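Q: Take this structure first; my questions come after.
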């Protein structure tokens, strides 16, 4: 299937419009192509965890989930189908020293209804903060 990827600014506006969480996190699309997506977030107070200088693990997991979902575009009929996370595993390694945080996701398996991705999140010093694997099921819109 031929798929034309959107301009990163247009994709960012659409992403933020569709979810208040994405807007609050200030997620931006850096690059998107078949099977790859790179997203970023600024290191802001909105991401802070309980401990001083920490990032909330759920924010990192959300960034990985969003980046992984974005790398799937072009693998299903956007508008009539959508991906739903069925399984996600994330490993946390360290806290960031500086931002922005960048998530790079790649598609590693493409079935008819199940797709799998891997994602790495790094800080501005290219230190790996977390890695995830996730599986998505493609469902019909309204079904």
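Q: How many nm separate the modelled label positions at residue 110 and residue 80, each set 7 Å beyond the Cα in the direction of the Cβ?
A: 1.8 nm
Q: Pulled fully out, how much extra length does the chain show between residue 14 and residue 44, if you take 0.36 nm times their separation in residues and subtract their Cα-Cα distance?
A: 8.7 nm
Q: Report the FRET efficiency, 1/(1 + (r/R0)^6), for residue 5 and residue 54, where r is their Cβ-Cβ distance and R0 is 41 Å, rounded to 0.05.
A: For residue 5 and residue 54, the calculated efficiency is 0.75.
Q: Helix 8-18 versus the longest principal axis of the chain: what is the Cα-based angle in degrees, 0 to 90, to the nearest 10?
A: Here the helix axis deviates by roughly 90 degrees.
Q: Of (1) 306; (2) 97; (3) 108, which one was derived for volume of the Cα convex hull per residue in Å³ from the structure shown?
A: Computing volume of the Cα convex hull per residue in Å³ and matching it to (1) 306; (2) 97; (3) 108 gives (3).
Q: Can you give the extra length, in nm with one decimal, that the chain gains between residue 26 and residue 128 once fully stretched, where that is 0.36 nm per residue apart less the Cα-Cα distance?
A: Full-extension gain reported as 34.7 nm.
Q: Moving to a separate point now. Rank by packing, highest mean first: peptides 94-101, 37-44, with packing defined as the count of other Cβ atoms within 10 Å averaged across residues.
A: 37-44, 94-101
Q: Tell me the angle of helix 57-71 to the major Cα principal axis of the chain, expressed in degrees between 0 and 90 and rounded to the nearest ten.
A: It works out to around 30 degrees.
Coordinate-derived values only; no laboratory data. Predicted, not measured: the structure shown is a model, and the values here were computed from it. A quick note on method: Cβ atoms are made from the backbone with ideal geometry, for glycine too, and the neighbour counts reach across all protein chains shown.
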